[in-house]
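Down below is the structure, laid out as structure tokens.
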Amino acid sequence: MVIRSTYGQLVVRESLFWDVSKENLDPERNRQLIIERVITRGNLDEFSGLIRFYGKRKIKNTLKSIALLDKKSRNFAVIFFGLDKKELTCYQKKL
């Protein structure tokens, strides 16, 4: 499956978005969903593509507002993007 925008394209497996209409998946409007799915369920190629597609800064800022991330994905995001876990909404909801 290819997600296209004015700044490029992202190739991901359709199974990551089994529950949403692929035709209506907008890269800006659905940015949180796309980033959350690739971070939690994507493979290395999809993650690398995600960084090329959105850029580290946009991903980092978006991760801060995602409400639910599993512990493994949350810890990965903290280490890879240099975040303080207290900056993450998903961590704050756990407290």
Original post:
What do you reckon, is Arg74 more than 14 Å from Met1 (Cα to Cα) and touching a Ser or Thr at 6+ places or on another chain (Cβ under 6 Å)?
Top reply: no
Original post:
Filter region 31-65 for residues that are buried (at least 20 other Cβ atoms within 10 Å of the Cβ) and among the hydrophobic types (A, V, I, L, M, F, W, C); which is nearest to Arg13 (Cα to Cα)?
Top reply: Val38
Original post:
Residue check: is Arg74 in contact with a Cys (Cβ under 9 Å, 6 or more places away or on another chain) and either exposed (fewer than 12 other Cβ atoms within 10 Å of the Cβ) or in contact (Cβ under 8 Å) with a residue 12 or more places away in the chain (or both)?
Top reply: yes
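Rundown of residues vs (1) touching a Ser or Thr at 6+ places or on another chain (Cβ under 9 Å); (2) part of a loop (DSSP other than H, G, I, E, B); (3) under 19 Å from Thr89 (Cα atoms), yes/no style:
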site: Arg4; (1), (2), (3): no, no, no
site: Pro27; (1), (2), (3): yes, yes, no
site: Leu33; (1), (2), (3): no, no, yes
site: Glu36; (1), (2), (3): yes, no, yes
site: Asp45; (1), (2), (3): no, no, no
site: Ser48; (1), (2), (3): no, no, no
site: Ile51; (1), (2), (3): no, no, no
site: Lys58; (1), (2), (3): no, no, yes
Original post:
Yes or no: Glu23 free of Cβ contacts under 8 Å to residues at least 40 places away in the same chain, in a helix (DSSP H, G or I) and surrounded by 12 or more Cβ atoms within 10 Å (Cβ to Cβ)?
Top reply: no
**OP:** Could you grab the pairs with beta carbons closer than 6 Å, sequence gap of 6+ or different chains, first residue in region 40-67 and of a type in the set (Gly, Ala, Ser), second one surrounded by fewer than 17 Cβ atoms within 10 Å (Cβ to Cβ)?
**Re:** Gly49/Val11; Ser65/Thr89; Ala67/Thr89
Original post:
Taking Leu44, is it at pLDDT below 95 and either touching a Gly at 6+ places or on another chain (Cβ under 7 Å) or farther than 17 Å from Thr6 by Cα (or both)?
Top reply: no
**OP:** Could you list all residues from region 7-47 that are under 11 Å from the mean Cα position of the chain (by Cα) and among the polar types (S, T, N, Q)?
**Re:** Asn30, Gln32, Thr40
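The values are calculated or read from the model by the stated rules, or taken from the named source; none is laboratory data. Please read these numbers as outputs of a predicted model, since none were measured by experiment. No Cβ is skipped: glycine too gets one built from the backbone with ideal geometry, and neighbour counts run over all protein chains shown.
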